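Here is the structure we will look at, set down as structure tokens.
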Amino acid sequence: MINLRLVVKLLAAFLLLVLLVVGAGVMLVNSKAFQQRVLQQATQILSDRLQTKVSILLVNSP
């Protein structure tokens, strides 16, 4: 009986942790600073691979 309670508590804690991580990820992806950082890295990688200048002026998020 005690083992079942422990398993249920651990499972609940794990699910809560997963929900918190997913929620934080959603908030991070929606932040303008994060989007700008990803944009800079992506344009740098494309510029290096294509051996030409790549630029994107604006990230338009809803």
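The values are calculated or read from the model by the stated rules, or taken from the named source; none is laboratory data. Keep in mind the model is a prediction, meaning the values are calculated, not measured. Virtual Cβ from ideal backbone geometry, glycine too; neighbours counted across all protein chains shown. Heads up: the accessible areas ignore ligands, DNA and RNA and are worked out on the full protein's heavy atoms, side chains in. Shrake-Rupley method; radii C 1.70, N 1.55, O 1.52, S 1.80 Å.
Key figures
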item	result
Answer residue from region 28-45, given it is hydrophobic (A, V, I, L, M, F, W, C) and closer than 16 Å to Asn60 by Cα and is surrounded by the most Cβ atoms within 10 Å (Cβ to Cβ) among those	Leu39
Any hit, region 8-21, residues being touching a helix residue (DSSP H, G or I) at 6+ places or on another chain (Cβ under 6 Å), in a helix (DSSP H, G or I) and of a type in the set (A, V, I, L, M, F, W, C)	no
In region 40-62, the residues that are under 23 Å from the mean Cα position of the chain (by Cα) and at pLDDT 90 or above	Gln40, Gln41, Ala42, Thr43, Gln44, Ile45, Leu46
Of all residues making up region 46-62, the number that are closer than 23 Å to Gly25 by Cα, of a type outside the set (Ser, Thr, Tyr) and open to solvent by less than 100 Å² (accessible area, probe 1.4 Å)	1
